[in-house]
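Right, one structure below, let's go through it.
The values are calculated or read from the model by the stated rules, or taken from the named source; none is laboratory data. This one's a predicted model, so the numbers in the text were calculated from it and none came from an experiment. Heads up, the Cβs are rebuilt from the backbone with ideal geometry, glycines too, and the neighbour counts pull from every protein chain shown. Ligands, DNA and RNA are excluded from the accessible area calculation, which covers all protein heavy atoms including side chains. Shrake-Rupley method; radii C 1.70, N 1.55, O 1.52, S 1.80 Å.
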Amino acid sequence: MTALAVAIIDLVIANRVLARIGAVDAYGHVSVRHPTQPEIFLLSRSRSPQLVERDDIMQFDHEGCVVGSDDRPPYSERFIHAAIYAARPDVHAIAHGHPRALLPFTVADFRMRPIFMTADEFGANVPVWDIRTAFGDGTNLLITDIVQGRDLANAFGRNERAVLMRGHGFVGAGRSAGQLIRMCKALLENAAVQLEAARLGPLKEMTAAEIDARRRTIGSDDEGPSMMRGFEYEAVQAGLQSLLTERAAFKAQQSTSNTPRPR
């Protein structure tokens, strides 16, 4: 129960932070994988991410079906989350949004290039998925069933962390809510810098070796002091200091319960 309480707090924080920085708008959505039942994910009822509270959180399976008897209206594009969690066991947090800074990259022959230092969060390759390829030119561009969700999930392959959707937006897939926030912020910042710098002349992007070096430096411990510094900063900027305090109490309780008792 403690792990689930932390996961729900992280999900609320991710919703509110990503709304504050513009990664998701009223029609975006954010999820996390259930911490002890990996075949289930947590996602708000159909509500603007900026307004999401703990009581809004519902549970879904990898087909996008509601778990239990919760009859509140869900997001219609929950199949994005269901399909990616099913395909990628390493993914524990997902966001879908429509930030204007990314839209030019979804419709022009102008790929996202890793040029800003934090671009290691999303990597050298950000594919563009076009719903027309598999489903023709008569869709409404939304992901409305699990078949479309699975086709989108295939664009992530085994390693990609972000995919752009032609004329629609993006999907980011992270190993934690904290890493997802960092990646979404990096995508927006990199896009803005790239569009501005492209007017000035040729671009100098990060090398694969630089991206690898950045990732080794950051590591994979999103609960470590360096990474938590960013997570806490973003949460406070979103007005969520009280949730951080509760989270710290739950984490302390979790740590105590996991400490072996002396014999």
Region 170-205, subset acidic (Asp, Glu) and farther than 30 Å from Arg247 by Cα, residue surrounded by the most Cβ atoms within 10 Å (Cβ to Cβ): Glu205
Filter result (open to solvent by 10 Å² or more (accessible area, probe 1.4 Å) and under 14 Å from Glu77 (Cα atoms)) within region 26-51: Ala26, Tyr27, Arg45, Ser46, Arg47, Ser48
Within region 14-25, tally of residues that are crowded, with 21+ Cβ neighbours inside 10 Å and farther than 18 Å from Val91 by Cβ: 3
Flag for Ala83 being in a helix (DSSP H, G or I), in contact (Cβ under 8 Å) with a residue 40 or more places away in the chain and open to solvent by less than 70 Å² (accessible area, probe 1.4 Å): yes
Looking only at region 206-228, and only at residues there that are farther than 20 Å from Ser255 by Cβ and open to solvent by less than 60 Å² (accessible area, probe 1.4 Å), the one that is modelled with the lowest pLDDT: Ile218
Per-region count, region 52-74, residues open to solvent by 50 Å² or more (accessible area, probe 1.4 Å), closer than 13 Å to Val12 by Cβ and not in a loop (DSSP other than H, G, I, E, B): 2
